[in-house]
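Q: Below you will find the structure I want to go over with you.
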Ligand code: FES
């Protein structure tokens, strides 16, 4: 068993191992500048919280009840989005996430789609809040 675990970790890229094991972004922000929540066909959910200043993404936090692959994908979305402006963040695709991770198992590419989908919803929410700032005070309206 220990031998099998060793082989599993050996078979993954450095990016995958970093993103799969990173937990410091798993946090819920109160009154985020953008929020998105998406549930996939597998039943797992990713929630994305954005902190944005002057149109640039400062911080991406997330929460998920998904597997290690989902954690890796959500972390990668955050890694790719932080520092970009909002228009650039819309260009992040599931293929970008898969390519960054290098060794995401093919049967888990839907995890990348789920994480990117939650990011898109958070970006759309940011744009909505910009048009109607009062909605930030009344989440869900
Ligand atoms: Fe459900 Fe990864 S297995 S999102």
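Q: If Rh is defined by the Kirkwood formula over all Cα pairs and Rg also comes from Cα, what ratio Rg/Rh do you get for the chain? Let's see the in-between values first.
A: On the way: Rg = 15.5 Å, Rh = 15.3 Å.
Reported Rg/Rh, Kirkwood definition of Rh: 1.01.
Q: By how many nm would the segment from residue 58 to residue 85 grow when fully extended, if each residue of separation counts as 0.36 nm and the alpha-carbon distance is taken off?
A: Numbers: separation 27, 0.36 × 27 = 9.72 nm, distance 0.91 nm.
Taking residue 58 through residue 85 to full extension adds about 8.8 nm, to one decimal.
Q: Please compute the contact order of the chain in relative form: average sequence separation of alpha-carbon pairs under 8 Å and at least six residues apart, divided by the residue count, as a percent. Before the final figure, lay out each step's value.
A: Numbers: 233 pairs, mean separation 41.2, N = 141.
Contact order relative to length: 29 percent.
Q: While we're on this one: Just order 56-62, 19-25, 110-116 by mean Cβ neighbour count inside 10 Å, highest at the front, would you?
A: Ranked by mean Cβ neighbours within 10 Å, highest first: 110-116, 56-62, 19-25.
Q: Jot down the radius of gyration and Dmax of the range 18-83, Cα atoms only, both in angstrom.
A: 11.5, 36
Q: In what sequence, highest mean first, do 34-41, 126-133, 85-92 appear when ranked by Cβ atoms within 10 angstrom? Don't jump to the answer; show the numbers that get you there.
A: Working: 34-41: 18.0, 126-133: 13.2, 85-92: 15.1.
With the highest mean Cβ count within 10 Å placed first, the list reads 34-41, 85-92, 126-133.
Q: Continuing with this model, one more query. Give, in whole angstrom and from largest to smallest, the semi-axes √(5λ) of the equivalent ellipsoid of the range 75-141, with λ running over the eigenvalues of the Cα gyration tensor.
A: Values: eigenvalues 150, 33, 13 Å².
They are 27, 13, 8 Å, listed largest first.
We did not get these values from a lab; they are worked out from the coordinates using the rules stated. Keep in mind that what you see is a predicted model, and the values were worked out from it rather than measured. Note that we place each Cβ from the backbone using ideal geometry, even for glycine, and neighbour counts take in every protein chain shown.
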